[in-house]
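Structure first, then comments.
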Amino acid sequence: MPTHQSLGGATDEELLQRMVATHPDRFGNDYWALFAAQVAPRLPARPVMIDLGCGPGLFLRDLSTRYPAATLHGYDVTPAMIAHGQRLTYAGATPALSLLDVAERPLPHAAGSVDLVSMSSVLHVFDEPLPTLAEIRRVLAPAGVFLLHDWVRQPLSTYLALRRENLREGEVEDLRRGFRLFPVHNKYTTDDWQWLLAEAGFAIGHQAQLRASHRIFVTTPSATGVASPRT
Ligand SMILES: C[S@@+](CC[C@H](N)C(=O)[O-])C[C@H]1O[C@@H](n2cnc3c(N)ncnc32)[C@H](O)[C@@H]1O
């Protein structure tokens, strides 16, 4: 399966540094206002939270500060990301960080045992997202939350303009990378994400577009939904 690095022509270290540099913009005040209004009220006092494709661990560090009594787990397929997260200092609970390909492997959690599963800017690269969604639904508690934040389709001109502004891209090689990544980042429309979530047995409680490029879905296991089995 292609990786973020192979698709973007970046080394592990370059992707890591980009995730670190852009973390404050991606997880800023708007993100945490949505989290406080839509996610926090659904969580127990001592939640179990897991972040899939956790990257350098900065979202887990934020959760550790806000939920010092939580049990936190992070999974990522890139060793450099896990190593970075293991070097961080955490204000509250220290997350257990593990190397795991969540597209291929089951999550090491009992059914119904997790209160929050988060996945940010990861699922769009998976060849087949439904087995991973089924696995997320399996581990979620009946009132648990799956928080999906990912790329949503935009027009080509908007996408390239956004890259020019945000990444200060302008050279011929940057433009070539923009065209190469366009089908990767613009794979799913909002309707496609909604269909995938419904198909996997999630009910959408709230959704928003905090940035032009990304849509966030606050979901819970639906009473009637049937998760697709992992094959
Ligand atoms: C664009 S980064 C996002 C990192 C983090 N979620 C964030 O928002 O800062 C995508 C991350 O997903 C990880 N990833 C990609 N495919 C994965 C897989 N199959 N299993 C686990 N992690 C994966 C990558 O190694 C990378 O750290």
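Computed from the coordinates by the stated procedures, all read-outs in this text should not be read as laboratory data. Nothing here was measured: the structure is a model prediction, and the numbers come from that model. Glycine also receives a Cβ, built like all others from the backbone with ideal geometry; neighbour counts cover every protein chain displayed.
Summary of computed values
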| quantity | calculated |
| --- | --- |
| From the options Ala40, Ala21, Ala45, residue that is of a type in the set (A, V, I, L, M, F, W, C), more than 15 Å from the ligand (Cβ to nearest atom) and farther than 16 Å from Ser118 by Cβ | Ala45 |
| Positions within the stretch 138-194 being free of Cβ contacts under 8 Å to residues at least 24 places away in the same chain and in contact with a Leu (Cβ under 6 Å, 6 or more places away or on another chain), in sequence order | Gly178 |
| Residues (within 22 Å of Ala208 (Cβ to Cβ) and more than 16 Å from the ligand (Cβ to nearest atom)) located in the stretch 48-71 | Arg66, Tyr67 |
| Candidate set from the stretch 121-155 (those that are in a strand (DSSP E or B) and within 17 Å of Leu181 (Cβ to Cβ)); member that is farthest from the chain's Cα centre (by Cα) | Trp151 |
| Positions within the stretch 110-120 being in contact with a strand residue (DSSP E or B) (Cβ under 7 Å, 6 or more places away or on another chain) and in a loop (DSSP other than H, G, I, E, B), in sequence order | Gly112, Ser113 |
| Every pair of residues 6+ apart whose Cβ atoms lie under 8 Å, when the first sits in the stretch 17-39 and is closer than 11 Å to Phe59 by Cα while the second is within 11 Å of the ligand (Cβ to nearest atom) and part of a loop (DSSP other than H, G, I, E, B) | Met19/Gly55; Met19/Pro56; Val20/Pro56; His23/Pro56; Arg26/Ser121 |
| Residue list for the stretch 123-150, filter: under 21 Å from Gly205 (Cβ atoms) and within 10 Å of the ligand (Cβ to nearest atom) | Leu123, Thr132, His149, Asp150 |
| From Leu100, Leu58, Leu63, residue being closer than 16 Å to Thr3 by Cβ and either crowded, with 20+ Cβ neighbours inside 10 Å or free of Cβ contacts under 8 Å to residues at least 60 places away in the same chain (or both) | Leu100 |
